Structures are given as structure tokens and as C-alpha cells.
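First comes the structure, then the notes that go with it.
The values are calculated or read from the model by the stated rules, or taken from the named source; none is laboratory data. Note that this is a predicted model, so its numbers are computed, not measured. Note that we place each Cβ from the backbone using ideal geometry, even for glycine, and neighbour counts take in every protein chain shown.
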Amino acid sequence: MRKLFYSVALLALGGCTGAVPVTGETADGEKFTGTFSTPADGRGGGALALSGDKGAACDGRWQLDADHAGSVVITCDDGRTGTAELSVRETPGTMRGMLGGKLFKGTFDDPALASGK
């Protein structure tokens, strides 16, 4: 019964979110790909999942405000952490900050577009 409950809960949650592609790169050339998960309304914030081309797995939380700007906090399984400023004032959106003490920049689609808003 418990497994059934969790399966139904996961299906219900799956219908409430979308995924926005994210790409990034550190100043020394390490490339990352992943997604921002988005709430159904495309606003606010959500989870970040990134994979690096050198094997790092990173996650975090992102947040955007009504002015189309925000931030993301990143934690990687190799011990690196970082933060970046986000902006969707241009297409694609931009991400600029630091990861593990190195400059980090990237791009992402507008979360509001992912939800069809």
C-alpha cells in the first residue's frame, strides 16, 4: 500500500512541474548540462540538477523574482559550491557567478516559457 501511495504522489507531482535546459562552463573549460525544474506556473524557483563533463554531479535551488532576475545556489558531489546571478531579460537567460572558486557562466530557457505561460 505504501508503494502505491508513493507512486501516485510522484505521478501527481510530475504533472505540476516542467524542466528547463541549462548549460554552463567554468573558466577552465569544464562544461555542465542539466535542468532547472519549474513549478506549473513557471514562476518562483525550483531545483537545479547539473552534470559536468569531468564527472561532477551538482544540485541546487534557483529563484527568480518579478523583475526577471534571481540567483542559484550550487553544491557538487566533489565538494565544490557556488552561486550565480540569473537573468531572463534576454533570450536565452543568463547565469553568471562562481563555482569552486572559478568563474562560471551559462544559459537557460525562460522558465515561464516551459510552463506555457
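Considering each residue of segment 58-80, count those that are assigned to a strand (DSSP E or B) and within 17 Å of Glu25 (Cβ to Cβ), and give that number.
Here is the first cut: in segment 58-80, the residues assigned to a strand (DSSP E or B) are 58-64, 69-76.
Keeping just the survivors that are within 17 Å of Glu25 (Cβ to Cβ) gives 58, 60, 72, 74, 76.
Of the residues in that region, 5 qualify.
Report yes if Glu90 is in a strand (DSSP E or B) and over 17 Å from Gly34 (Cβ atoms), otherwise no. Break it down stepwise before answering.
Details: in a strand (DSSP E or B): no; over 17 Å from Gly34 (Cβ atoms): yes.
No.
I'm checking my understanding of the structure. Among residues of segment 43-57 that are closer than 16 Å to Thr23 by Cα and not in a strand (DSSP E or B), which one is nearest to the chain's Cα centre (by Cα)? Please lay out each step first, then the result.
If we filter segment 43-57 for residues that are closer than 16 Å to Thr23 by Cα, which is where we start, we get 47-57.
Those still in the list that are not in a strand (DSSP E or B) too: 53-56.
Values: Asp53: 17, Lys54: 19, Gly55: 18, Ala56: 15 Å.
Applying the filter and picking the extreme gives Ala56.
Within segment 26-39, track down each residue that is at pLDDT below 95 and farther than 18 Å from Pro92 by Cβ.
Pro39
Being modelled with pLDDT of 95 or more, surrounded by 17 or more Cβ atoms within 10 Å (Cβ to Cβ) and of a type in the set (Gly, Ala, Ser) narrows it down to one of Gly70, Gly79, Gly45, Gly100, so name that one. Give the derivation first.
Values: Gly70 fails: modelled with pLDDT of 95 or more; Gly79 fails: surrounded by 17 or more Cβ atoms within 10 Å (Cβ to Cβ); Gly45 fails: modelled with pLDDT of 95 or more.
Matching residue, one of Gly70, Gly79, Gly45, Gly100: Gly100.
This table checks each residue for (1) surrounded by fewer than 16 Cβ atoms within 10 Å (Cβ to Cβ); (2) under 21 Å from Asp110 (Cβ atoms); (3) at pLDDT below 95.
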{"residue": "Gly24", "(1), (2), (3)": "no, yes, no"}
{"residue": "Asp41", "(1), (2), (3)": "yes, yes, yes"}
{"residue": "Ser51", "(1), (2), (3)": "yes, no, no"}
{"residue": "Asp65", "(1), (2), (3)": "yes, yes, yes"}
